[in-house]
Every structure is written in structure tokens, then in C-alpha cells.
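Structure record follows, encoded as C-alpha cells.
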Amino acid sequence: MIRLEHIHRYFQVGEQTVHALNDINVTIEKGEYVSVMGPSGSGKSTLLNVIALLDQPSSGRYLLNDQPVTQLDDDELAKIRRENIGFVFQFFHLIPRLSAAENIEMPMILAGVAVKERKQRVQEALASVSLQDRADHRPDQLSGGQLQRVAIARAMIMRPEILLADEPTGNLDSKSGKEIIELLEGLNRQGVTLMIITHDQNLGDRARRKIRIVDGQIG
Amino acid sequence: MRYADLLSLSYRTVISHKLRSSLTALGLIIGIAAVVILTSIGRGIHTFVLAEFTQFGTNLISVHPGKTTTFGVSGASISTVRPLVIADVVSLSKVENIIAASPMVQGNARIEAGEKQRRTNVLGVGAAVPEIWKIKVVNGRFLPKEESNPRAFAVLGNKLATELFGTASPLGRRIRIGSDRFRVVGVMEKKGQMIGFDMDDTIYIPAAKALELFDRESLMEIHLLYKSNTAVERVEKAIKRSLIARHGREDFTLVTQNQMLKKLDSILNILTLAVAALGSISLLVGSVGILTIMTIAVSERISEIGLLRAVGAERRTIFQLFLCEALALSAAGGLCGVLLGITIVQILDAALPALPVELAWTYIVAAFMVSLLIGIAAGVAPAMKAARLEPLEALRAE
Ligand SMILES: Nc1ncnc2c1ncn2[C@@H]1O[C@H](COP(=O)(O)OP(=O)(O)O)[C@@H](O)[C@H]1O
Ligand SMILES: [Mg+2]
């Protein structure tokens, strides 16, 4: 369960202070499917980054599974990111030297999972995103839709309860975009809390709960 | 993160830029190879020179006139120094544990044999010299044991014999040294250069005759051979006691072969060390290469660092990853450098037999360790920079 109370996030840009999040209060229950929409620059990414523990709010309280996480140190944050949160980026962020399978394996390597279990879980993950035959391909040998499927498999490999996606279809054609959304929704049906930022009204409307942000405030 | 994974990831990254990695390692390879080659030559010279000296054997003591004292100017001045004489040699040869003793007078003189003449090195010695210096007579015999009033016999070095008599046997032939007449009784085996002077272009005559020839009162040195299984300190004590009894005071200096070897050894060690230090300068160049390439690697992979942090890598892990990469580069460079150096040393050894080379393993191991240290030293700063990046900012970097 995600609970944000009076979250503010300011950015200092030269003389100017940008108020990217302005008193955000929101609670997301386990297993929910939430879309986040709003104009460009309204603070959607900032909100998701705070939830993902990639960014720290300037003020406010953030409880993850009833545990406050705003005061944790760097290593503790890394551990929670590793174990509790999957993140899918607009620009895929795959490591170019490594094969699809190795990219998917990476979070388990960082977590120190045993080799045998890693190989088995990577095979399952590749199957779940229908990329068994692309295991040894490097990112430059894959299409955009395939790259995002690899990224999703990587995000889910540690079996996190939360999956956050920042415009996951932003770089894809509508057909592959739809496939990606269906893949994410499939994960949500298996119990994963899913939160997707999108610009596409049709995609956003598919979510059971829709959050709209304007100027850093939930509208 | 497991260490095996850390190593394999670093290895993957290093070999994914083959050309770049090899060029980076090249600086180190050359540096390490230089250290290996230079120290091998240094060690080779070391061994060669020591072997030259130990040809004489190691259980030798020489007695020199005069006392070198460490207590400044003592009352004893040159005039009160009793000369070393042949009677001293006779008494020293009877000291406990002394196997043989020989006087030594050295000079240069003109030798005439029939039509031929030649200036050569003259050694005035005793009958025990072949035993003490481990040299052999190849033809005839050595000087007989006659302490007082020796006959005018001479023994020729190998080269001198051929120079003066060609292929004919010199045994029994009369020669003139300076103005004195001598009869040749023997020829020594070929010995080659020994510490600078040519043992084969030398003539041996009785010490008493040499004193007359060079118009000297006293011997230059006395050479003693002692039993190899006795402690040198004990022998020294006995020699001192005996000579002090004869001279009334300690007006002589003992030099043991061990002391000489030790001094020589330390000088030669410094030589090798200096040469190694010289080679290490090129290691410095190698380390700059690694520092440069790691700095570039970090700035190229900022977004990757962000990704790793986002999927749960701690700062420590990022630090280890980059440090390990630098280490992989330097270890590969060090290993190739060692192999290259050893190969070149072996080629040198085969191609130039005159050049003494010997692989100096301590330096080779040290050079490899230094290359690892260089990897660490050059890798720390970039790895720290990588570890300090904030995940979100790093992710944003293109
Ligand atoms: N690191 C940053 N430094 C300065 N300003 C930032 C930073 N990140 C976001 N902002 C600002 O915060 C606001 C919200 O940004 P963002 O959350 O990325 O919007 P969205 O994802 O909705 O387009 C914008 O005005 C943006 O310029
Ligand atoms: Mg955004």
C-alpha cells in the first residue's frame, strides 16, 4: 500500500523555485490499477519518481506498506527499490553490451540470487513476455516493442508488488503500445499494483482509477 | 552482489571495447615489460659478478698492512706499522683451521724470452696459491714450497705462454724478468678475465723474488684459505692473536671474502633497484592511461549507472563495479607485460649470450602487484565519481 501525505517537491532552478508537487495526498491500495494523466510539466514524473524512491520529497510523509520511507538511508532505499518496486521507463534503459536475458537478470545479480535460480527465472520471464527466441539478442538487435518487453521482464524479475511505468508506450507505435499495455494489465490481474503515466486518453481510460495532475496538484 | 558476478561483469565490459581496452593496457604492458627486462639484466649482472668473485672460493681471508680504524686518527701512524713479511705467512699457515697461506706481491715487468718480449702482470706468491685461488697447472708444476731463498722459478699464465713460446713447450726454458733470470717450470690452465685483470696474461714467481724485483720491503697482502666448516669469526680471532703476538699490536686489517661479497652484493642490489625504479616511470604512464579511460567510461555510462541504481544497486556496488573494471584492465595489462617481458628476456638470452640475464622473480611478482595497485589507484577516483551520482539525475543523462 502506498500512502502519500502532504507531499511537496520543489526544484531550485537558478533564482527560480519550481513547485513540481504541491500538497499531494493519495492512497493506493495493493492490487490497484491507476493511470496518471495531465499536461506536460504538471509533475507526473516527479510523483512517480517519489513513489519509486528515486526522488525524495521536499516535505510530507510517504508510507510504503505502513512504513515511513522518507527518512531511510541510501542503502535501505536501494534495497526497497530492488525488492518492492519495478520501474518501466519511456526510454527502456537497457544496457547495450548485454543480451536481453542478461538485462533481465541484472536485478537478481545485484540482489545476489544464486546462478541456477537466476537462469531459471530468466527463462520464465522471457516466456512471459514472449521473447524466448530473443534471449541472446542485444538491445540494438531488438525492436522498440521488444525492448520494452525486456524492460518489463526486468522490472518484474524480483517479483515486486508495485510496478510503476512512466509513459511506457511513449516511444512505441500504437500496435506495440497496445501490446505493452496488455502485458502490464496482465501483471495487474495477477495482483501487482500498477501505476501508469500516459498521454494517451484511450490508454488512460482503461485503468479503474484515474489520477489527473495539473500544476503539481491532483485535480 | 556476488564476487564472481562482479568479476564477470567487469570482464564483459572490458572485452566489449577490445581496441580501447588493449590500447589502455598497452601503456602498462610496456611499463611492466620494461621492469621485467631491466631487472633481469640487473640480476644477470649481479649473478655474473658474484660468480666471478666466488671463483676464488668463499672461505678466503686476506691480511692487509695497516689498521683502518673507526676511532678516528689513532696514535699509530704509518711509521709504526710493521711490514707484513714472509715469516708472517709461515706462522699464519700454522694457525688453527688455516689450510693454506700465501704471500702476495704484485707488479708489472718486462718479460724477455729469446727474441720475444712482453710487459705483463707479475704476481709474487707462495706454493699454496693454486689451492687458495682454485686454479690448476696444465703443464709442468707450480712453484715449489721454499720459504727462504727460493730458486728463480716462474710459472706462466696460459696466454703468456703462447705469446712467448707459441706452440713449443716452455718447460725448462730460461726467461728474463726485468734484469733477473728465471726458469719456467709450469703453465697454468686457461682462466680468462677475473675481476678486471687477465689471469692468463700473468706470470707467477716466488714472493721473495718479487720483493727483490720490485725492490720492496714488505708484502702487499697475505691470502689465507680456511676450513669451510669453521666460523669465520673464530678464524679471524685466531689470526689476530697470532699476528698481534708477532707484531706487538694490531697493525693490520683482515678482509674476509664474505665481507667483500656482502658489500658487492649490496652495491649490485642497489643497481637492480635503481634500474627497476627507472622502469617504473613507464608504469606511471600506464596508470595515467587507465585513469583517463576510466574517467571516460564513467561519463559515458552515467545513464547506465542511473539504471543500476534504480533497479537496486547500492553506491558500494557501483563503486566496486568500476574499481573492478580498472583492476581487470590493469591485471590484464600486468599479466601481458610480464609475459612479454619474460619472452623478450628469453630472446635476449638466446640472441646475446654475452649479456648476462636472469629472471628476477621477486621483481616480476612485485611488478605485477604494482600493476594491480595502479589499477586500484587509477580506478578509485572515477569509481567514487560514479558511486556519488544521484540515481534520478544519472537516469536523465543522455
Ligand atoms: N531535476 C529537476 N530540476 C529542475 N526542475 C525540474 C526537475 N525535474 C522536474 N522539474 C520541473 O518540475 C516540473 C514537473 O516535471 P515532471 O514531473 O517531469 O513533469 P511531467 O512528467 O508531468 O511532464 C516541471 O516544471 C519541470 O521543469
Ligand atoms: Mg514526464
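The values are calculated or read from the model by the stated rules, or taken from the named source; none is laboratory data. Keep in mind that what you see is a predicted model, and the values were worked out from it rather than measured. Ideal geometry is used to build each Cβ from the backbone, glycine not excepted, and the neighbour counts take in all protein chains shown. Quick note on the areas: whole protein, heavy atoms, side chains included, nothing else; ligands and nucleic acids left out. Shrake-Rupley method; radii C 1.70, N 1.55, O 1.52, S 1.80 Å.
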**Message:** Looking at the structure I just gave you, is residue A:110 within 16 Å of ligand 2 (Cβ to nearest atom) and either within 16 Å of the chain's Cα centre (by Cα) or open to solvent by less than 20 Å² (accessible area, probe 1.4 Å) (or both)?
**Reply:** no
**Item:** Selected residue [among the aliphatic types (A, V, I, L, M), farther than 30 Å from residue B:49 by Cα and either within 14 Å of another protein chain (Cβ to nearest Cβ) or surrounded by 20 or more Cβ atoms within 10 Å (Cβ to Cβ) (or both)] from B:335, B:329
**Value:** B:329
**Complete:** Counting only residues in the stretch B:338-395 that are open to solvent by 20 Å² or more (accessible area, probe 1.4 Å) and within 16 Å of ligand 2 (Cβ to nearest atom), the one nearest to residue B:275 (Cα to Cα) is identified as B:393
**Message:** Checking residue A:150 against (1) of a type in the set (A, V, I, L, M, F, W, C); (2) buried (at least 19 other Cβ atoms within 10 Å of the Cβ); (3) under 26 Å from residue A:11 (Cα atoms), only one condition comes out false. Which one?
**Reply:** (3)
**Message:** When you check residue A:204 against the structure, is it within 25 Å of residue A:9 (Cα to Cα), touching a His at 6+ places or on another chain (Cβ under 6 Å), surrounded by 14 or more Cβ atoms within 10 Å (Cβ to Cβ) and touching a residue at least 60 places away in the same chain (Cβ under 8 Å), yes or no?
**Reply:** no
**Prompt:** Which one is farthest from residue B:92 (Cα to Cα), of the residues in the stretch B:119-142 that are free of Cβ contacts under 8 Å to residues at least 60 places away in the same chain and not small (Gly, Ala, Ser)?
**Reply:** B:119
**Request:** Hey, could you check the stretch A:169-199 for residues that are over 16 Å from the mean Cα position of the chain (by Cα) and closer than 26 Å to residue A:3 by Cα and say which is most open to solvent (accessible area, probe 1.4 Å)?
**Result:** A:189
**Asked** Within the bounds of the stretch B:193-205, is there any residue that is small (Gly, Ala, Ser) and open to solvent by less than 60 Å² (accessible area, probe 1.4 Å)?
**Response** no
**Asked** Has the stretch A:15-27 got at least one residue that is of a type in the set (A, V, I, L, M, F, W, C), free of Cβ contacts under 8 Å to residues at least 12 places away in the same chain and near ligand 1 (Cβ under 10 Å from one of its atoms)?
**Response** yes
**Item:** When residues of the stretch A:195-215 are limited to those that are under 17 Å from residue A:48 (Cα atoms) and of a type in the set (A, V, I, L, M), the one nearest to ligand 2 (Cβ to nearest atom)
**Value:** A:197
**Request:** Among the residues of the stretch B:171-203, count how many are within 12 Å of residue B:153 (Cβ to Cβ) and either hydrophobic (A, V, I, L, M, F, W, C) or assigned to a loop (DSSP other than H, G, I, E, B) (or both).
**Result:** 9
**Those residues of the stretch A:2-30 which are open to solvent by 10 Å² or more (accessible area, probe 1.4 Å) and closer than 20 Å to residue A:68 by Cα, in sequence order** = A:3, A:5, A:6, A:8, A:9, A:22, A:23, A:25, A:26, A:27, A:29, A:30
**Fill in**
A careful count of residues in the stretch A:35-72 that are within 16 Å of ligand 2 (Cβ to nearest atom) and open to solvent by less than 50 Å² (accessible area, probe 1.4 Å) gives 17
**Prompt:** Since residue A:140 meets every condition but one in (1) open to solvent by less than 20 Å² (accessible area, probe 1.4 Å); (2) of a type outside the set (A, V, I, L, M); (3) over 19 Å from residue B:313 (Cβ atoms); (4) within 13 Å of chain B (Cβ to nearest Cβ), which condition does it not meet?
**Reply:** (1)
**Asked** Across the stretch A:164-185, which residue is nearest to ligand 2 (Cβ to nearest atom) among those that are away from chain B (no Cβ under 14 Å) and under 17 Å from residue A:30 (Cβ atoms)?
**Response** A:184
**Asked** Among the residues of the stretch B:80-123, which ones are farther than 15 Å from residue B:175 by Cβ, assigned to a loop (DSSP other than H, G, I, E, B) and open to solvent by 70 Å² or more (accessible area, probe 1.4 Å)?
**Response** B:82, B:94, B:96
**Prompt:** Going by the structure shown, is residue B:187 surrounded by 15 or more Cβ atoms within 10 Å (Cβ to Cβ) and among the β-branched types (Val, Ile, Thr)?
**Reply:** yes
